[in-house]
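Beneath this line is the structure, given in structure tokens, with notes to follow.
Each reported figure results from applying straightforward, stated rules to the coordinates on display, with no laboratory input. Quick caveat: nothing in here was measured; it's all calculated off a predicted structure. Glycine also receives a Cβ, built like all others from the backbone with ideal geometry; neighbour counts cover every protein chain displayed.
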Amino acid sequence: MSLALITGGSAGIGAAFADRLASRGHDLILVARGELRLNAMARVLAARHGVRVDTFVTDLADRHGLFRLEALLSGPEGLAVDVLVNNAGCGRSAQFPHAERRHLQAEIDLNITATIGLTHAVLPGMLQRGRGTVVNVGSVAGHLPAPGSSYGPTKAWVAAFTDSLAPVLRGTGVAAIAACPGYVRTGWHTSAPPEGLAGRLLWAEPEHVVDTCLADLERGRVLSVPGPVYRPLIETIEMPRRALRLAARLARASRPDRRETAAPAPDPAPAPASAPAPATPPAGSAGGSAGGRRPGLPDLPARPAQRVEPAHCARTSGSDHFVTTRRSSRERRARAVAAARSRAFAAAEQAPAQRPAGTAQRPAGEVAVPSA
């Protein structure tokens with residue numbers, strides 16, 4: 001029985017993916033940071049569909065939590081995941097200039113870093129087995145970000161990342177798709193969905209998002225956008241990119257491989273030992289060497305075997321660049337004070353008779369040294 005791993009699987013789109021995949025006979029691993037809600041969803045799905053549902057409680061925005069899950073999936077002894085759903089994500093309503101730095105970093109860690117890490121952990125095993133599916137949940141906000149939003153650019157990366165995987169996975173039995181819905185009734189939005197026609201056109205249920213994504217996956221699509229308004233809009237935005245991608249693919253297919261068709265150049269015949277070497281014409285001259293090849297460049301001065309550093313620069317053993325620090329400045333000052341004291345003591349011992357008349361005798365061990 002195949003295994004599906006779903007991040008953010010305790011509610012919303014992740015719970016809808018879990019329900020649909022369990023109905024198709026997949027065993028599940030649900031990942032979320034809320035233990036009570038996650039365990040409750042696991043019990044419901046196991047009782048409803050009769051499949052095995054395991055839970056993994058961790059915060060994927062924390063690097064240690066992400067490493068724990070990656071260790072479970074990576075390597076030859078890792079879990080053989082057949083379906084990966086990167087659904088976990090977060091976003092803030094504050095505009096970028098007024099957002100807190102830790103919130104911005106959390107968006108990057110969860111929306112981007114976790115997607116990279118988990119996909120990289122399961123993809124080698126999928127390619128080796130010749131089957132597998134990666135579903136990355138993005139958003140329409142990736143194509144039409146709100147002003148000052150940092151959430152939209154992270155979701156734009158999700159769509160671009162999935163699109164870049166498609167040519168690599170073509171013909172391997174492994175598929176990747178980005179589900180980019182608009183407004184979804186998950187309780188994540190602070191405002192309530194509107195009623196009437198606007199609510200039916202602009203808002204979608206999580207089950208509809210999942211059903212559309214799975215249907216597009218069976219059709220071989222790389223991008224899935226549900227909704228009668230968002231789908232034609234995003235298709236129009238994507239049309240120039242798809243045309244350029246198709247043209248580039250056709251150009252690569254029609255271009256011959258120069259490494260296979262080009263014949264190797266014959267080696268020039270060696271000159272007789274007695275004949276003097278011909279003079280090399282200067283660079284830029286009209287004359288050339290035999291065979292019409294361009295003249296060689298003039299000899300350049302050889303680089304010094306060892307770089308000579310100025311006396312005031314000191315390289316550290318751990319870096320190739322010298323960086324002045326407060327510690328080194330303090331050490332130089334301390335050494336300068338010690339050297340001045342030594343010189344003062346030596347001068348006092350060598351010329352005791354040159355002291356001016358009437359000058360008070362200093363106690364032994366006390367030397368006047370100017371401050372550093």
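Structure notes:
- Projected label points at ALA71 and LEU233, each 7 Å from Cα along the beta carbon direction, are separated by 4.4 nanometres.
- Protection-proxy order for peptides 216-229, 6-19, 76-89, each taking the mean of Cβ atoms within 10 Å per residue, highest first: 6-19, 76-89, 216-229
- Here each label is just a point 7 Å from Cα along the line to Cβ, and for SER2 and GLU205 those points are 2.5 nm apart.
- Paramagnetic reach from GLU35 (point 7 Å along Cα→Cβ, amide N under 15 Å) across the stretch 54-96: 55-59
- Of the peptides 90-99, 230-239, 149-158, 52-61, the ranking by mean beta-carbon count within 10 Å, highest at the top, reads 149-158, 52-61, 230-239, 90-99.
- Inter-label distance, ASP54 to LEU127: 2.5 nm, where each label sits 7 Å from its Cα along the C-beta direction.
- Prolate/oblate/rounded label for the stretch 3-239 (Cα gyration tensor, a/c 1.5): rounded
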